[in-house]
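Accompanying notes for the structure given below.
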Amino acid sequence: MALRIGIIGCGDYSRHHIGLVRDLPGAEVVALCSPRHQAIADTVAEYPHLGGLPVYQDHGALLDDPTVDAVIVCSPHCFHAPQVLDAIAAGKHVLVEKPLALSVSDARSAIAARDRAGVVGAVAYQRHGTGRFQFAREAVLSCRYGRVLGVNAHLARPWHQLCAGTWRHRLDVSGGGQINDGGSHLIDAVLWVTGLQARRVSAFMDHRGTEVDIDSVVNVEFEGGALGTLTVIGDSCAWHERHHVWLEHAAVVIETDRVTLHDPSGQVTQVDGFPPPVTPVANFVDAVLRGSEVLAPFECGLHTIGLTEAAWRSAKAGGAAVDVTRMVR
């Protein structure tokens, strides 16, 4: 049996997912949806084998197609929640690009709809399938190094320059700036690796003359007492990412593709030899066809947008602390 997948939104990143589907046994793209004719043309030019497939301008028409079992939602952010809900109502399994939704209430609606329909729902947080983040998660959640004391993570990209003039700089379409784009991966990774949930958030943001946040510093008090600082710099001259998790008896550091473990004696060990990554698409197909665990379920999207929404509220209030627990529970 092949999982028949429809693509909703045919921008640049959807073509990455299409390539992953093409290379997977047991899955195939059977329909495309985009209101932009050029996006469809670019997709077929890159993947000629998709020529001749049904093409829809409206996602509702694609969802009415009985040959579609599942969808990958790659549209601009403001469309994610309504398209996810429509897909679930049509009985389709859903893999959605981040963010799952632009509000906690919409994320909750997606989770409730998934549970009622009994379909598979996943968010394309690829770090869940990579060895370095899986190692860090196991090291933290095993508790062999004690509890988490603090987290420091940052993401720097020339996002301001690269996205200028695109929908990502439009608040009505993107819902927010870099903290809701690449920063969504950073926040999700921190929460997933540590197993922590945010209690209170205080944030400061610089929009750099745009409608959306570009640079952000977010201070977090987690449930259980751990503290964290998340820095998202969207006006950087270079790309860089780092995660520090400080435990009672060790520290785990992920810096780009390098993982190190620091023990109480001061010894620093580089960890390597990780297995090949499992992509969100491969995990999604396995979950639908074989019942495998979903590595990044909708709940990850809920907690990520919960912290993000609290950060937006705090920044608007001049950095005043915002209670996250009331938002996500």
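The values are calculated or read from the model by the stated rules, or taken from the named source; none is laboratory data. Computed from a predicted structure; not experimentally measured. Because the Cβ atoms are built from the backbone with ideal geometry, glycine has one as well, and the counts that use them run over all protein chains shown. Side chains included, ligands, DNA and RNA excluded: accessible areas come from the protein's heavy atoms. Shrake-Rupley method; radii C 1.70, N 1.55, O 1.52, S 1.80 Å.
If I compute solvent accessible area with a 1.4 Å probe over the protein chains, what percent of it on the chain is carbon and sulfur? Please list the in-between numbers first.
Working: 7390 of 13910 Å².
In the chain, the share of accessible area belonging to carbon and sulfur is 53 percent.
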**Prompt:** Taking a probe of 1.4 Å, how large is the accessible area per residue of the chain, in Å²?
**Reply:** 42
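Using Cα pairs under 8 angstrom and six or more residues apart, how large is the relative contact order of the range 140-203, in percent? Before the final figure, lay out the partial values.
Details: 28 pairs, mean separation 23.4, N = 64.
Relative contact order of the range 140-203: 36 percent.
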**Prompt:** So, with +1 on the Cβ of K and R and -1 on the Cβ of D and E, and no other charges, what is the size of the charge dipole of the chain about its Cα centre, to the nearest 20 debye?
**Reply:** 460
**Complete:** Computed from the beta carbon distance with a Förster radius of 35 Å, FRET efficiency for Thr231 and Met1 to the nearest 0.05 stands at 0.15
**Asked** Kirkwood hydrodynamic radius of the chain from all distinct Cα pairs, in Å?
**Response** 20.4
